[in-house]
Amino acid sequence: MKKICVIGSLNMDLVVNVDEMPKKGQTLIGSKFREIPGGKGGNQAVAASRLGGDVCMIGKVGNDGFGESLLKQLKADKINTDYVQVEEGPSGVALITVDQNAENSIVVSPGANFKLTKDDIDKCIDGIKESNTVVIQLETPIDTIKYALEKSKELGKFTILNPAPAVMLSDDIIKNVDLLTPNETELEILSGISIKDEDDIKKAANIMMEKGVKQLIVTLGSKGSLYLDKDNMKFIKSYKVEAIDTTAAGDTYTGALSVAFSQNKSVEETMDFASKAGALSVTKVGAQTSIPNLYDIDNYKF
Ligand code: RIB
């Protein structure tokens, strides 16, 4: 089986549900408080593993209780944690509020995630060498991400960049991305094109492809997703479900894509599989608590 290496963040999510998002200066009484393993990197690794991938993770946690719990969850999900280092200091934490429309607002304190250095990538290079696909997001230092992408390409790996949370990226980062998986807002920020319709998406995608990206999958929320490469464009619809909490839906989608691509599924099959996984994740509360496995997908009546 082809292997997947996820390089990225691990956060403990501190989650409270509210009826409506608080306004500036407002104190709100929310509902039950939950601690749920998360972090975009961790979520993508868990999704890939639960959905049939052979996954290792490169990342950092702090030497605190959150770090222990985050590592424990990765191991429970059969992810190779040999390349997750424990660093003196706090783990990454995300403060999350979820409203009654299932939308969230997230503030991340990066903790150990921001201590992942280029040297750490060198130390963990075997994790990349032994994988076929490398998946990265943007919750670790940008220099480290740039270096990890360079190394992955030098080693001939297929690279997937999920550009979240969105920031401008330099061309020497973009040029090493094989598959870019932005949502519309992220694509706007990366390309500088204001997106109102499909033509704008095409223009923005062309700009990214001129910079070296080979393929894009643009997620369009409840509408679906759009695949673009130099010669093709394909739209795949999303599945309608009752949404409880959208946290980690994008991560589940990216993790699922990485597995299906590594199994050489067609673009349509890959995107359909990822749409199902992403849809199921919003029917449950939290990040890693909501990520489906293959059984869940096979047995859900979409
Ligand atoms: O994408 C969702 C994730 O973003 C959460 O799990 C949180 O930790 C933040 O990284």
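Computed from the coordinates by the stated procedures, all read-outs in this text should not be read as laboratory data. Computed from a prediction, not measured in an experiment: that's the story for all the values here. Cβ atoms come from the backbone with ideal geometry, glycine included; neighbour counts cover every protein chain shown.
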Looking at the stretch 242-299, which GluC sites (Glu not before Pro) are in a loop (DSSP not H, G, I, E or B) and have at most 16 other Cβ atoms within 10 Å?
-> Glu242
Pairs from Lys129/Lys234; Lys129/Lys211; Lys32/Lys123; Lys3/Lys234; Lys3/Lys40; Lys72/Lys265 whose Cα-Cα separation, in the structure shown, is over 29 Å | Lys129/Lys234; Lys32/Lys123; Lys72/Lys265
Return the long-range amide H neighbours of Asn80 (sequence gap of 5 or more, or a different chain), with a cut-off of under 5 Å between placed amide H atoms.
-> Val55, Cys56, Met57
Space enclosed by the convex hull of the alpha-carbon atoms of the stretch 161-301, per residue, Å³ = 107
Can you work out ³J(HN,Hα) from phi for every residue in the stretch 227-240, in order, using Karplus 6.51 cos²θ - 1.76 cosθ + 1.60 and θ = phi - 60°, giving whole Hz and x for Gly and Pro?
-> 9, 9, 9, 4, 10, 10, 9, 9, 9, 10, 6, 9, 9, 7
Only Lys, Arg (+1) and Asp, Glu (-1) charged, at Cβ; the chain dipole about Cα centre in debye = 380
At q = 0.12, 0.19, 0.25 Å⁻¹, what base-10 log of I(q)/I(0) does the Debye formula yield for the stretch 211-278 when every alpha carbon is treated as an equal point scatterer in vacuo?
-> -0.30, -0.72, -1.17
Along the dipole axis of the stretch 129-288 (charges at Cβ: +1 for Lys and Arg, -1 for Asp and Glu; origin at the Cα centre), the most positive-end residue among Ile142, Val267, Ser222 is Val267
Dipole magnitude of the stretch 61-149 about its Cα centre, charges +1 at Lys/Arg Cβ and -1 at Asp/Glu Cβ only, in debye to the nearest 20?
-> 160
If amide H atoms are modeled at 1.01 Å from N in the peptide plane, then the residues at a separation of 5 or more from Asn132, or on another chain, having amide H under 5 Å from its own are Lys3, Ile4, Cys5
With point charges of +1 on the Cβ of Lys and Arg and -1 on the Cβ of Asp and Glu, referenced to the Cα centre of the stretch 20-86, which listed residue (Ala47, Met57, Leu74) lies farthest in the positive direction of the dipole?
-> Ala47
Under the classification rounded if a/c is under 1.5, otherwise prolate if a/b is larger than b/c and oblate if not, where does the chain fall, given a ≥ b ≥ c as square roots of the Cα gyration tensor eigenvalues?
-> rounded
For a quick protection proxy, order the peptides 38-46, 91-99 by their average other-Cβ count within 10 Å, most packed first.
-> 38-46, 91-99
In Å, the Kirkwood hydrodynamic radius of the stretch 1-156 over pairs of distinct alpha carbons?
-> 16.1
Computed ³J(HN,Hα) along the stretch 16-32: with the Karplus parameters 6.51/-1.76/1.60, θ = phi - 60°, integer Hz and x for glycine or proline, the list is 10, 8, 9, 5, 10, 4, x, 8, 3, x, 8, 9, 10, 8, x, 9, 3
Would you please state the base-10 log of I(q)/I(0) at q = 0.17, 0.23, 0.24, 0.32 1/Å for the stretch 10-55, with intensities from the Debye formula using one equal scatterer on every alpha carbon?
-> -0.65, -0.83, -0.85, -1.04
Alpha carbon centre of the stretch 34-50 versus the stretch 85-150: separation in Å?
-> 11
Please report, for the Cα atoms of the stretch 66-155, the Rg to one decimal and the Dmax as a whole number; what are they, in angstrom?
-> 15.0, 46
